[in-house]
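A short worksheet on the structure shown next.
The values are calculated or read from the model by the stated rules, or taken from the named source; none is laboratory data. Keep in mind that this is a model prediction, so the values were computed, not measured. Because the Cβ atoms are built from the backbone with ideal geometry, glycine has one as well, and the counts that use them run over all protein chains shown. Note: areas computed on protein heavy atoms with side chains; ligands, DNA, RNA excluded. Shrake-Rupley method; radii C 1.70, N 1.55, O 1.52, S 1.80 Å.
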Amino acid sequence: MSSEWPLYFTHRESIEGKGYLAQVNMQGRVLVARENRSDSDLPAWVFYGVQPSSLSAEAESVPAAFALFRERLKDILFSIADDARDFDEFHAAVSAFFAETDSDTDVWVRRAAEVRAGQTVQEMAVSRLPRRVAHEVEPTCSVVNVSAESYRPSPENNVASQIFQTTAA
Amino acid sequence: MTYRTFVHLAEVWEALERCAPGYSKRHTRDHFRVTYQNRSYDLSCGPHGDVERAKIFFSDVRKMSRRLQIQDCLIPLLGE
């Protein structure tokens, strides 16, 4: 029985940079694992980033780990804004950060194939998550300069932070 | 195999000396940017007073090792 599950997430963050305000919208992938710890009776829930890959977060429940994951993501975006000279540089750096991969990508792909082939998810903390078919949650990262005169705010742009499981085709 | 929840930052630096010779680190906000062979990872320390006494989630160190492609060397050094 698997103790790691391929999930999708959505998240939006507002970042102030040097002379601009940016909205970063991510629809990404994470590998969520339930791991035992030698110094704790409770299992740890770990979000290993897949897209973006260069971050992780751990807590005692899936919602708590996802909250910490979003905080880590925000910290990294703040750091990118600290270094970027202007919006174009920030945009390029965030896009590059989102595109980085590591070995967790291969694990995510294998686990997703197992789920789509019909393997059931036994772990309740994961099985009760909302489901999406793959084409509804293709990984994307958009970086918009909302301080530009051409930007038109709209409630249609609001994005809730959520996690989803993949589903059989 | 099970692992500890946290490792001390000093242990991480020692392991990187062995597994990522020539690596660089830069302290920014609440993390250290570790770079090795043109790959970087922001290792989260969390808010604290004494940076060098920080405890790091083992899972974050493991993720870093995957990003830097040194997991086969680093994880056995820090695991129990």
Two pseudo-spin positions, 7 Å from Cα along C-beta at residue A:38 and at residue A:148, lie apart in nanometres by 5.2
Order by accessible surface, 1.4 Å probe, largest leading, for residues B:26, A:131, B:62 comes to A:131, B:26, B:62
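Let me check something: with ligands and nucleic acids excluded, how do A:110, A:152 order by accessible area (1.4 Å probe), largest to smallest? Before the final figure, lay out the partial values.
Numbers: A:110 125, A:152 165 Å².
Accessible-area ranking of A:110, A:152, largest first: A:152, A:110.
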Order by accessible surface, 1.4 Å probe, largest leading, for residues B:19, B:73 comes to B:73, B:19
Over all viewing directions the Cα convex hull of the protein assembly as shown casts an average projected area in nm² of 14.3
Per the Kirkwood formula over distinct C-alpha pairs, the hydrodynamic radius of the range A:1-114 in angstrom is 15.0
Two pseudo-spin positions, 7 Å from Cα along C-beta at residue B:28 and at residue B:13, lie apart in nanometres by 2.0
Beyond 20 Å, the calculated P(r) of the range A:33-169 holds a percent of Cα-Cα pairs equal to 58
Output for the range A:1-88: GluC sites (Glu not before Pro) sitting in coil per DSSP, at most 13 other Cβ within 10 Å, listed by number, reads A:60
Log entry, pair A-B: total buried accessible area, probe 1.4 Å, protein chains only, in Å² rounded to 100, is 2000
Rounded to one decimal in nm, the spacing of the 7 Å Cα→Cβ label points at residue A:83 and residue B:55 is 2.9
For the residue A:119, residue B:69 Cβ pair and Förster radius 30 Å, calculated FRET efficiency rounded to 0.05 is 0.55
Expressed as a whole-number percentage, the relative contact order of the range A:54-119 with C-alpha contacts under 8 angstrom and at least six residues apart is 24
In whole µm²/s, the translational diffusion coefficient that Stokes-Einstein assigns to the range A:119-169, given a Kirkwood hydrodynamic radius over C-alpha pairs, 25 °C and 0.890 mPa s, equals 175
By the rule of no other cysteine beta carbon under 4.7 Å, the lone cysteines of chain B are B:45
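How much of the accessible area of the range A:91-169, probe 1.4 Å, is carbon plus sulfur, in whole percent? Spell out each step's value before the answer.
Working: 2440 of 4760 Å².
Heavy-atom surface of the range A:91-169 belonging to carbon and sulfur, 1.4 Å probe: 51 percent.
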At the level of C-alpha centres, the distance separating the range A:86-141 and the range A:23-57, in angstrom, is 12
The computed P(r) of the range A:92-150 puts the percent of Cα pairs beyond 12 Å at 80
With the full set of protein chains present, the residues of the range B:7-35 whose 1.4 Å probe accessible area falls by 30 Å² or more relative to the chain alone are B:29, B:31, B:33
Across 5 Å bins beginning at 0, the whole-percent shares of Cα-Cα pair distances in chain B come to 3, 16, 30, 28, 16, 6, 1
Across B:63-70, the residue-averaged tally of Cβ atoms belonging to other chains within 10 Å stands at 5
Along the range A:22-34, Karplus-curve 3J(HN,Hα) (6.51, -1.76, 1.60; θ = phi - 60°) to the nearest Hz, with x for Gly and Pro, reads 10, 10, 10, 10, 10, 10, x, 10, 9, 9, 9, 10, 9
Projected onto the charge dipole of the protein assembly as shown (unit charges on the beta-carbon of Lys, Arg, Asp and Glu, signs +1, +1, -1, -1), the Cα from A:142, B:68, B:32 with the largest positive-side position is that of A:142
The answer for chymotrypsin sites (Phe, Trp or Tyr not before Pro) in the range A:78-169 that fall in a DSSP coil and have at most 16 neighbouring Cβ atoms within 10 Å is A:151
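In Å², what does the accessible area per residue of the protein assembly as shown work out to with a 1.4 Å probe? Mind dumping the intermediate values first?
On the way: 12220 Å² over 249 residues.
Accessible area per residue, the protein assembly as shown: 49 Å².
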